[in-house]
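The values are calculated or read from the model by the stated rules, or taken from the named source; none is laboratory data. The shown structure was predicted, so the numbers you read here are calculated from the model rather than taken from an experiment. Cβ placement follows ideal geometry from the backbone for every residue including glycine, while neighbour counts extend to all protein chains displayed.
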Amino acid sequence: MKKLKVLVFFFALILMIGSSIVSAQGKLGVVGKLFTKQEANVLFGKVIGSMNLSVSELKNALSNTKDYVLISVKNNTVILRDERRKSISEENEYLDDKDVLYIFSKSQIENLLGNTLLKTTSSLSVSASTDSIVTVEIRASVLTLTAGDTTLEFALPCPPMCD
């Protein structure tokens with residue numbers, strides 16, 4: 001009976017460890033959180049500048065990365081990079097080590113796009129032009145992604161959170 005209890009304990013321990021590993025994404029875990037546009041304005045301040053990015057370009061970039069997407073704006077160009085700072089989009093903008101990129105989990109960007117698609121398909125009043133655009137927004141101290149009425153934030157800055 002005692003051996004059975006020990007066996008059940010170890011089995012439960014292995015299940016708990018395995019479930020926490022499966023739910024994590026990459027070495028940084030899940031990076032980013034979804035907010036409504038109104039919540040983002042209250043929490044992070046007004047948008048200082050913004051650039052549009054097509055959903056198709058963003059989806060294409062997501063298909064070229066494993067766990068994380070690094071995003072920045074330089075010279076009026078949205079820059080998309082993978083975990084190793086390698087370009088995953090059509091832009092060829094040069095970045096030096098001092099340029100700050102913002103790290104988001106691939107899964108959170110997919111959630112942003114999926115959440116927006118669900119809202120637009122259930123609403124008949126949304127125009128088709130807003131469906132295919134993600135706005136990269138520069139705020140006082142953060143960079144946010146907004147699609148429809150949903151905003152993604154809580155990115156990690158790179159540097160210092162780079163490899």
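What the table shows:
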item	result
Options 57, 93: the member that is out of contact with any Cys (no Cβ under 6 Å at 6 or more places or on another chain), of a type outside the set (S, T, N, Q), surrounded by fewer than 19 Cβ atoms within 10 Å (Cβ to Cβ) and not in a loop (DSSP other than H, G, I, E, B)	57
Residues (more than 21 Å from residue 30 (Cβ to Cβ), in a loop (DSSP other than H, G, I, E, B) and at pLDDT 90 or above) located in the range 101-143	139
Test result for residue 146, outside any strand (DSSP E or B) and either closer than 23 Å to residue 48 by Cα or at pLDDT below 90 (or both)	no
Failed item in (1) within 15 Å of the chain's Cα centre (by Cα); (2) at pLDDT below 85, with residue 21 passing the rest	(1)
Which numbered condition residue 48 fails, given (1) under 22 Å from residue 110 (Cα atoms); (2) modelled with pLDDT of 90 or more	(1)
The range 30-47, residues that are surrounded by fewer than 16 Cβ atoms within 10 Å (Cβ to Cβ) and in a loop (DSSP other than H, G, I, E, B)	45, 46
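Table: residues versus (1) within 12 Å of residue 103 (Cα to Cα); (2) touching a Phe, Trp or Tyr at 6+ places or on another chain (Cβ under 8 Å); (3) polar (S, T, N, Q).
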| position | (1), (2), (3) |
| --- | --- |
| 32 | yes, yes, no |
| 35 | no, no, no |
| 40 | no, no, no |
| 44 | no, no, no |
| 47 | no, no, no |
| 50 | no, no, yes |
| 62 | no, no, no |
| 69 | yes, yes, no |
| 74 | no, no, no |
